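*Asks:* I have a structure here, written as structure tokens, and I will follow up with some questions on it.
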Amino acid sequence: MASDFETLLSAMRKAAGALRDAHIRFALAGSIAVYAHGGPDTDHDVDFLVKPEDADRALEALAEAGFRVHRPAEGWLYKALDPKGALIDVIFEPTTGPVTDELLSRAELVEVHAIHVPVLSPTDVLASKLLTLREHNLDFAPMLEIARSLREQIDWDDLRRRTNGSAYAKPFFTLVEELGLAA
């Protein structure tokens, strides 16, 4: 029996292939992107970013590939479930703003589970996580885990610049500096 992480990776591979074959521009994001750059594995879900105008086609491509698809009420993402229970989020308008060509163009082609996929950089993943922080969800643990495991790959100056307007992101920099994780 496959582990939860192996199931996620297999679902990621199948979904990435379906999006690629449908000629939909995408990038792997979230915890699987962190894993792709050398961070820890996860058993949560797989996040793909697509532009808003490609979201419906992306969901159709996943349905044709055998995923059970759903359009939740949130209005900024779609969900797909593979037959083994792995969850895929198709995110097109996160709280940081709509997915753009500029964001997708920053993704780096990385081999993940025997398939080459565009993957967001650790800096992009951290920026998106920091910019979603709000008063009621100030849990820095996931971001500290990324900082610990991928600190050499993070452009700290760029991350500071991109999150400068968020009062909730500022304490993160104090933490990583005090812990000796950031330059």
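Derivation of every value follows stated rules applied to the coordinates shown; laboratory data play no part. Since this is a predicted model, take the numbers as computed values, not measurements. Ideal geometry is used to build each Cβ from the backbone, glycine not excepted, and the neighbour counts take in all protein chains shown.
*Asks:* How many Å³ per residue does the convex hull of the Cα positions in the range 50-94 occupy?
*Replies:* 59 Å³
*Asks:* Now, a different point. So how far, in whole Å, is the C-alpha centre of the range 111-130 from the one of the range 11-61?
*Replies:* First find each Cα centre; the distance between them is then 10 Å.
*Asks:* If a paramagnetic tag sat 7 Å from the Cα of R68 along the Cα-Cβ line, which residues of the range 82-96 would have the backbone N under 18 Å from that point?
*Replies:* Output list for this probe position: 82-90.
*Asks:* Okay, next question. Write down the percent of antiparallel bridges among all DSSP beta bridges whose residues are both part of the chain, to the nearest 5.
*Replies:* 75 percent
*Asks:* Nearest 10 degrees is fine. How inclined is helix 122-131 to the longest principal axis of the chain, computing both from alpha carbons?
*Replies:* Computed tilt is about 80 degrees.
*Asks:* Taking 0.36 nm per intervening residue step and subtracting the Cα-Cα distance, what contour gain separates E152 from D41 on full extension?
*Replies:* Between E152 and D41, full extension yields an extra 38.1 nm.
*Asks:* Based only on Cα atoms, what mean projected area does the convex hull of the chain have, in nm²?
*Replies:* Projected over every direction and averaged, the Cα hull of the chain covers 10.4 nm².
*Asks:* Per residue of the chain, what 222 nm ellipticity follows from adding -39500 (n - 2.57) for every DSSP H run with n ≥ 4, rounded to the nearest 500?
*Replies:* Per the formula, -12000 deg cm²/dmol.
*Asks:* Further question on the same structure: Expressed in nm², what is the orientationally averaged projection area of the convex hull enclosing the Cα positions of the range 41-132?
*Replies:* 6.4 nm²
*Asks:* Among DSSP bridges having both ends in the range 1-101, what percentage is antiparallel? Round to the nearest 5.
*Replies:* 75 percent
*Asks:* Assuming 0.36 nm per residue, please report the length gained on full extension of the stretch E102 to H23 beyond their Cα-Cα distance.
*Replies:* Stretched fully, the E102-H23 segment lengthens by 26.7 nm.
*Asks:* Run the simple label-point estimate for F5 and D56 please: 7 Å along Cα→C-beta, distance reported in nm.
*Replies:* According to this spin-label approximation, the distance is 3.9 nm.
*Asks:* Convert 10 °C to kelvin, take the viscosity as 1.306 mPa s, use the Kirkwood radius over C-alpha pairs of the range 1-55 as Rh, and evaluate the Stokes-Einstein diffusion coefficient in µm²/s, rounded to a whole number.
*Replies:* 134 µm²/s
*Asks:* What net charge do the residues around H113 carry, taking every other residue with its C-beta under 13 Å from that of H113, with Lys and Arg at +1 and Asp and Glu at -1?
*Replies:* -1
*Asks:* How far apart, in nm, are two points set 7 Å out from the Cα along the Cα-to-Cβ line at E145 and at H116?
*Replies:* 3.0 nm
*Asks:* Tilt of helix 141-150 relative to the longest C-alpha principal axis of the chain, in degrees (0 to 90, nearest 10)?
*Replies:* For 141-150 against the chain, the angle is about 90 degrees.
*Asks:* A further question follows. Please list, ordered by chain and number, the residues whose modelled amide H lies under 5 Å from the amide H of A27; skip anything fewer than 5 residues away on the same chain.
*Replies:* L49
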